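Heads up, the thing below is written out as structure tokens.
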Amino acid sequence: MIKRPPIMMTVLFTASVLLSSCYSYTSVVGEGAKADIEKVKGLNKKTKWNHYSIGGLIRIKASDSKEMVNELGGAEDYNVRTRHTILNGLVGLVTFGVYTPTTTTVTK
């Protein structure tokens, strides 16, 4: 005899998958990056992970966008994009939300 999962558990699981989302926000400093953010590669782009715990409630270590821009050679005009990528979501899922990273990208 095959047992069927309770309907309520199935509905809750489906709702949690369909209603979840990734977030992204971009800050423009000065005039902003001179190139298209999505197409920039190499010397004008720096990416680092931010480390959080318990669903993002406790900051362990976050990247400093000014330091990241200085590593690129410094700039007055740049963009800072912080997002929750698919890889970040998978890491959070595997750790059951105990460790929940985000990704910050600086583009000049």
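The values are calculated or read from the model by the stated rules, or taken from the named source; none is laboratory data. These figures come from a predicted structure and were not determined experimentally. Cβ sites come from the backbone with ideal geometry, for glycine too, and all protein chains shown count toward neighbours.
General remarks:
- Odd one out for VAL69 among (1) within 15 Å of TYR23 (Cα to Cα); (2) outside any loop (DSSP other than H, G, I, E, B); (3) over 10 Å from the mean Cα position of the chain (by Cα): (1)
- Filtered by the rule that a residue be assigned to a strand (DSSP E or B) and under 14 Å from VAL29 (Cα atoms), region 94-108 gives THR105, VAL106, THR107.
- Taking residues in region 13-38 that are farther than 18 Å from GLY55 by Cβ and of a type in the set (Ser, Thr, Tyr), and partners anywhere that are outside any strand (DSSP E or B) and at pLDDT 65 or above, the pairs with Cβ atoms closer than 8 Å and at least 6 places apart or on different chains are SER27/SER65.
- Taken over region 61-93, the criterion of being of a type in the set (Gly, Ala, Ser) and more than 19 Å from VAL28 (Cα to Cα) is satisfied by GLY89, GLY92.
- Checking every residue in region 41-52 against the condition of being part of a helix (DSSP H, G or I), modelled with pLDDT under 90 and loosely packed, with under 14 Cβ neighbours inside 10 Å gives at least one match.
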